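Working notes, beginning with the structure itself.
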Amino acid sequence: MAKTRSSSGRESATGTPEETAGAAVKTPAGATKKAGAGGNPGPGKAAPKRTGPEAQAEKRQAKSSAATESKPAKPTPKKPRSAPAAETSAKTERSKANKPLSPKTSAKSGAAKKSATSRKTTGEKKPAAQPAAAMEEPAPKPKPGRKSEAKPASARTPKSRAAAKAKSVPAGGAGAKPWLKSYPEGIPAEIGPFRHSSLADMLLEACRNFGGRPAFTSMGKALTFTELEKASRDFAAYLQSKGLKKGARVAIMMPNLLQYPVVMMAVLRAGYVVVNVNPLYTARELEHQLKDSGAEAIVILENFAGTLQAAIGKTDVKHVIVATMGDMLGLKGHIVNLVVRRVKKLVPSWEIPGHASFRQAMREGAAARFSPPEVSLDDTAFLQYTGGTTGIAKGAVLLHRNVLANVMQNEIWLKTAYLGGRRQPERPIFVCVLPLYHIYAMTVNAMTGILLGAHNILIANPRDIPAMAKELGKYEFNVFVGLNTLFNALLNNSDFQKLNFKHLDFTLGGGMAVQRSVADRWKKLTGHTIFEGYGLSETSPVATINRLDRDEFTGTIGLPLPSTEVAIRDEKGRDVKLGEVGEICIRGPQVMPGYWNQPQETAKVMMPDGFLKTGDMGTMDETGHVRIVDRKKDMILVSGFNVYPNEIEDVLANHPGVLEVAAIGVPDEHSGEVPKVFVVKKDPSLTEKDIIAYCRENLTGYKRPRHVEFRTALPKTNVGKILRRELR
């Protein structure tokens with residue numbers, strides 16, 4: 001599970017989130033007609049009813065305009081539309097979690113779950129699927145579904161809540177919610193009904209609302225919300241022209257460039273599934289993810305095309321779109337590409353027959369017809385790959401409703417930063433230094449930022465701290481999202497120390513624990529506290545976070561977000577008392593239904609009552625604040641990225657000179673932890689350099705061991721299992 005607890009890069013070898021572009025992508029010096037109806041129905045024929053996010057967003061806009069024209073002095077507020085509730089019953093979540101997820105079952109389940117949008121916002125048993133897009137052509141009308149009599153878990157009477165409080169309450173779990181008394185006034189316990197039928201609906205509405213505002217800026221080039229809508233429409237049309245059907249998986253393998261949000265939005269608008277890929281993956285790692293996801297298309301930066309060339313032969317990928325650093329930078333892009341290719345020599349030679357360039361795809365898409373499909377809340381939006389707690393790479397299935405719920409939760413919680421009289425900026429500026437392929441940045445920066453009309457400053461190479469500091473000096477940024485090692489690296493940079501932080505409203509730390517010494521230095525320099533949050537790929541990702549109106553650094557991972565429950569449980573699944581250590585378990589609308597094609601792995605982490613077992617051990621105090629004390633499994637956390645000993649051991653076990661191997665995590669002042677391997681030699685001439693070189697060929701940077709120790713034997717149990725704890 002990719003933790004979103006709170007980082008920077010120092011060496012290209014680590015390949016951490018903030019270093020993604022660093023090893024192969026460096027910012028070159030100095031690089032700093034109305035949406036159409038769906039065709040003429042013909043004389044004497046009624047126009048077909050339009051559905052989907054585009055149509056619904058236009059309908060809302062038309063209602064608003066009509067109201068304004070009729071009453072210019074006092075516009076009529078938008079009438080809330082009927083939408084499905086954000087929470088489902090424990091029974092529904094349980095049934096979802098225990099079903100194997102595959103291309104076939106996912107499609108069946110999507111069809112079975114469709115229902116009329118008139119369903120009541122409370123009391124639903126099965127989630128309702130609202131109709132989706134129709135911008136150029138009408139989408140098929142969804143079939144009405146049945147109304148359910150079941151009430152959501154949140155629908156408790158005041159009397160039942162009081163009764164639960166009177167009992168000896170456990171740490172979280174059903175009934176006991178000690179964190180609610182720590183919520184500031186005005187922050188609701190629940191997020192309420194969904195306002196959008198899909199992520200595409202939300203993104204399109206934001207593009208219409210914020211039009212000419214800059215949505216993303218990369219290397220000095222801004223992309224407005226209007227341009228984002230147009231570019232994503234063209235790319236979506238291109239993908240459709242290649243024959244991809246709804247639900248097809250499309251991989252994205254690139255750092256923070258303007259192409260990323262364009263492709264991400266296009267994939268969602270076309271009803272496909274985003275498969276985020278770490279650009280620094282080796283051919284072996286990339287091959288596994290492409291094969292497991294069944295990806296049919298991939299959009300990749302040319303710097304990494306050589307890796308794809310080595311992996312693509314054994315995958316189902318049929319369509320390859322290759323982007324360059326300068327594709328969306330205008331005339332400046334030609335200079336950028338020249339520097340990247342000829343001066344920096346960051347693009348190794350590659351050859352992929354039949355590939356299309358990103359520019360070619362955009363040209364073809366602009367001339368193609370886009371037919372928005374029907375997309376529901378229960379369709380899959382992302383396959384977010386994570387090792388979970390076992391080390392087996394698997395895709396966390398995130399539905400549109402999961403990510404939308406987390407965006408709504410974040411939207412509510414961000415308001416806590418402005419409770420003390422601080423003015424909330426009309427056009428907030430977010431610093432997006434963490435890679436968008438990581439769920440933390442994807443949800444917090446991209447999705448939540450777009451909803452709020454924020455301007456995201458994309459940093460393609462966060463390892464270049466001086467260049468980043470120079471870039472940040474151009475903007476009056478309000479929100480900084482980062483990790484502990486990134487904060488530490490910035491604090492040690494003289495240019496960053498000279499920046500003006502008077503516009504900074506708050507700093508969010510995730511991915512790994514924020515060290516108190518770093519938090520203290522950050523506050524001394526910026527005048528602001530780092531607020532820690534916590535989550536997993538499996539929770540879309542944010543589950544808990546500290547209040548943003550507090551001055552002190554708590555050292556905890558904060559309070560559960562609205563509509564989120566946290567239980568601290570023992571080995572038998574029973575809630576422990578407040579203050580006692582147990583496994584942190586999470587339930588909420590942002591929790592995944594399961595792992596892609598991995599029903600057994602899903603069953604290991606999903607409990608019968610809908611709680612997700614995180615594999616982290618922690619406590620909850622009487623105020624509802626959660627603190628992590630240890631990790632249940634042997635996972636290693638390197639600058640916010642999960643590294644699993646099993647994978648390292650499996651790779652090294654294939655080395656002809658290795659007899660036995662065990663991997664553990666050891667403390668590191670820069671990355672929090674780094675892998676260390678203990679090796680029993682088969683070949684007496686085997687050296688540390690041999691081990692490091694072999695890992696360099698088969699593991700991405702942050703997974704490679706930094707320390708190698710040779711031993712004559714490894715400690716084992718009486719049945720022969722290696723005891724990693726004896727090696728620590």
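Rounded to the nearest Å, what's the spacing between the alpha carbon centres of the stretch 433-455 and the stretch 579-610? Just the number, please.
Using only Cα atoms to place each centre, the spacing works out to 25 Å.
What net charge is computed for the residues neighbouring Ala323, neighbours being all others with C-beta under 9 Å from the C-beta of Ala323, Lys and Arg scored +1, Asp and Glu -1?
Numbers: positive: Arg359; negative: Glu302, Asp327.
Overall, the nearby charge balance is -1.
Viscosity 0.890 mPa s, temperature 25 °C: give me the Stokes-Einstein translational D for the stretch 232-308 in µm²/s, with Rh taken as the Kirkwood radius over C-alpha pairs. Before the final figure, lay out each step's value.
Working: Rh = 12.5 Å.
Answer from the Stokes-Einstein relation: 196 µm²/s.
Distance check, please: which entries in Lys633/Lys721; Lys394/Lys613; Lys181/Lys523 exceed 18 angstrom between their Cα atoms?
Beyond 18 Å between Cα atoms: Lys181/Lys523.
What does the extension gain come out to for Lys291 and Ala367, with contour length at 0.36 nm per residue minus their alpha carbon separation?
Working: separation 76, 0.36 × 76 = 27.36 nm, distance 3.17 nm.
Difference between extended and current length: 24.2 nm.
So how strong a dipole does the stretch 212-298 carry about its Cα centre when Lys and Arg Cβ are +1 and Asp and Glu Cβ are -1, to the nearest 20 debye?
220
How big, in percent, is the set of alpha carbon pairs in the stretch 593-728 lying more than 27 Å apart? Don't skip to the answer; put the middle values down first.
Numbers: 2984 of 9180 pairs.
Beyond 27 Å sits 33 percent of the P(r) for the stretch 593-728.
Going down the list Lys332/Lys474; Lys332/Lys498; Lys221/Lys474; Lys572/Lys716; Lys177/Lys577; Lys474/Lys498, which pairs span over 24 Å between their C-alpha atoms?
On the way: Lys332/Lys474 18 Å; Lys332/Lys498 28 Å; Lys221/Lys474 13 Å; Lys572/Lys716 26 Å; Lys177/Lys577 13 Å; Lys474/Lys498 12 Å.
Check vs 24 Å cut-off fails for Lys332/Lys498; Lys572/Lys716.
For the stretch 316-435, what value does the Rg/Rh ratio take when both radii are computed over Cα atoms and Rh is the Kirkwood radius, given to two decimals? Don't jump to the answer; show the numbers that get you there.
Values: Rg = 20.8 Å, Rh = 19.7 Å.
A ratio of 1.06.
Could you check the spin-label model distance between Gln424 and Arg627? Points 7 Å from the Cα along Cα→Cβ, value in nm.
Distance between label points: 3.2 nm.
Using the Cα centre of the stretch 223-343 as origin and beta-carbon charges of +1 (Lys, Arg) and -1 (Asp, Glu), tell me which of Ser232, Met254, Gly326 is placed farthest towards the positive end of the dipole.
So the residue furthest toward the plus end is Ser232.
So which chymotrypsin sites (Phe, Trp or Tyr not before Pro) in the stretch 349-412 pass both tests, a DSSP loop state and at most 13 other Cβ atoms within 10 Å of the Cβ?
Loop-located and lightly packed - none at all.
Going by Cα centres, the stretch 402-430 and the stretch 511-575 are how many Å apart?
Comparing the Cα centres of the stretch 402-430 and the stretch 511-575, I get a distance of 16 Å.
Placing +1 at every Lys and Arg Cβ and -1 at every Asp and Glu Cβ, with all other atoms neutral, what dipole size does the stretch 643-727 have around its Cα centre, in debye to the nearest 20? List each step's numbers first, then the result.
Details: 13 positive and 13 negative charges, 37 e Å.
Dipole size: approximately 180 debye.
Test of understanding: express the Cα radius of gyration of the stretch 453-569 as a ratio to 2.2 N^0.38 Å, with N the residue count.
Values: Rg = 14.8 Å, N = 117, 2.2 N^0.38 = 13.4 Å.
Taking N as the residue count of the stretch 453-569, the ratio is 1.10.
Roughly how many whole Å is it from the C-alpha centroid of the stretch 459-499 to that of the stretch 180-247?
Between the Cα centre of the stretch 459-499 and that of the stretch 180-247, the gap is 26 Å.
When the chain is fully extended, how far beyond the present Cα-Cα distance does Lys572 get from Val666, taking 0.36 nm per residue of separation?
Details: separation 94, 0.36 × 94 = 33.84 nm, distance 2.99 nm.
Working it through step by step, the gained length comes to 30.9 nm.
For the stretch 534-668, with only Lys/Arg (+1) and Asp/Glu (-1) charged at the beta-carbon, what is the dipole magnitude about the Cα centre, in debye rounded to 20?
320
Could you tell me which of Gln600, Thr614, Gly624 has its Cα farthest along the dipole of the stretch 585-625 towards the positive end, charges placed at Cβ (Lys, Arg +1; Asp, Glu -1), taken about the Cα centre?
Gln600
No lab work stands behind these numbers, since they all come straight from the coordinates. The structure presented is a predicted model; accordingly, all values stated were derived computationally and were not measured. So basically every Cβ, Gly included, is an ideal-geometry build from the backbone, and we count neighbours across all protein chains shown.
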